[in-house]
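Structure first, commentary second.
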Amino acid sequence: MLACGRRCCLCHKFAGGKMECHHIDPAAKGGKNTFENCIPLCFDCHAEAGHYNEKHPKGTKFSPAELLGHRDRWFATIDKGVGPGAPGDYLELDRKLFVRLYGLLGGSKKMIHFRDHDYDNGYDVKVEYRLEDFSHAAGMPECEFFDAEMATALADFLTAISSYNNDFTNRVWYDGDRANIPPEWLYGRKPQEKRFLEAVEVMNKASTKIWLSFAQFVKTARLRLKLELE
C-alpha cells in the first residue's frame, strides 16, 4: 500500500483501508500471490476489474497488460512525484489543463454556491451543468495531470462530485431552470417534513464536501503550478 499511497491505481482516489489487491493474472488461471502480480484497487474499481462475465460480455474487460501499465505508471508517479515520461515542460502543460478545467467550473465565483447555499431553497440548474461538464472533461485521458499532487487533488474532487451526484438522485428535482428539493414535501396535501429536512441535511453536507475538495484542488494548483487566480 506504500507504493500506491493508499490510492487506487485506476481512479487514483484515496481509499484508505477500503482497498483490495487484485490479481493481474487471475489466481484461477495460475496467477501467483506476489507483489509483481497484484494491483491495489478501491472496492469500486476492484468490482469492475474482477467481475467481468466473459459468457455475457458487456463493455471491455481490463487486460493484464492494461492493469500492469496502470499500476506501474501510478507507482512511478507516487515515487517520483511526477508521471513517467513527463516532458520537460510538463508544468506548463499542467497549468493549461488546470486553467481549462477551472474555467468549466466558472471559477471560485461560481463554485462558492457550494459553500454558501442552503438546500432548503431552490437554485439555478446551471450549477449542476457546470459540474457535469467538468466531470466529463476531467475523465478524458488527455486530462490527466503529470504532477502527482495535482492528480490526487483532481481524483479527490471527482470523488466528492460523484458522492454529491449520488446524494442528489431522488432528493433534488428540476423545475424548468430551477433545481430544488420538492417544496411539496413540506406544503403538499400529505406533508413529509422529515423527508424534506433529511434531504436538506444530506445535500448541505454533500455540497460542503464539494467546496472543500474544490478549494484543495485550487490550493494545490497555486502551490504546485505557481498559478495566480482571479
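Each reported figure results from applying straightforward, stated rules to the coordinates on display, with no laboratory input. Please read these numbers as outputs of a predicted model, since none were measured by experiment. Ideal geometry is used to build each Cβ from the backbone, glycine not excepted, and the neighbour counts take in all protein chains shown.
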For the chain, calculated [θ]222 nm from helices alone, where every DSSP H run of n ≥ 4 adds -39500 (n - 2.57):
-16500 deg cm²/dmol
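Using alpha carbons only, what's the Rg to Rh ratio of segment 87-150 with Rh from Kirkwood?
Working: Rg = 14.3 Å, Rh = 13.3 Å.
Radius of gyration over Kirkwood radius for segment 87-150 works out to 1.08.
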For Arg195, project a label point 7 Å along Cα to C-beta. Then give me every residue of segment 122-163 with its amide nitrogen under 19 Å of that point.
122
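Set the Förster distance to 25 Å, then compute FRET efficiency between Asp25 and Leu2 from the Cβ-Cβ distance, nearest 0.05.
0.65
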Treating cross-link reach as a plain straight distance, find the aspartates and glutamates whose alpha-carbon is under 12 Å from the alpha-carbon of Lys61, omitting any fewer than eight places away in the same chain.
Glu48
Under 18 Å between C-alpha atoms is the cut-off here; go through segment 90-224 and count lysine pairs that meet it, provided they're at least eight residues apart or on different chains.
9
Angle, helix 90-104 long axis vs. longest principal axis of the chain, Cα atoms, 0 to 90°, nearest 10?
20 degrees
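For segment 70-118, which trypsin sites (Lys or Arg not before Pro) are both in a DSSP coil and crowded by at most 12 other Cβ atoms within 10 Å? Don't jump to the answer; show the numbers that get you there.
Working: sites: Arg71, Arg73, Lys80, Arg95, Lys96, Arg100, Lys109, Lys110, Arg115; in loops: none.
Taking segment 70-118 and a limit of 12 other Cβ atoms within 10 Å, no loop trypsin sites (Lys or Arg not before Pro) are found.
What is the gain in length, in nm to one decimal, between Ala65 and Arg222 on full extension, counting 0.36 nm per residue of separation less the C-alpha to C-alpha distance?
Numbers: separation 157, 0.36 × 157 = 56.52 nm, distance 3.57 nm.
Additional length available on full extension: 52.9 nm.
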Select one label from (i) 1.18; (ii) 1.63; (iii) 1.00: the one whose number is Cα Rg over 2.2 N^0.38 Å as derived from the coordinates shown.
(i)
Using the alpha-carbon atoms, what tilt in degrees (0 to 90, nearest 10) does helix 193-224 show relative to the longest principal axis of the chain?
50 degrees
How tilted is helix 126-138 with respect to the longest principal axis of the chain? Cα atoms for both, answer in degrees (0 to 90, nearest 10).
10 degrees
Glu128-Leu186 FRET efficiency (beta carbon distance; Förster radius 25 Å; 0.05 resolution):
0.70
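Can you figure out the FRET efficiency of Ala215 with Asp79, using R₀ = 25 Å and their beta-carbon distance, to the nearest 0.05? Provide the component values of the computation, followed by the final result.
Values: r = 27 Å, r/R0 = 1.10.
Efficiency, rounded to the nearest 0.05: 0.35.
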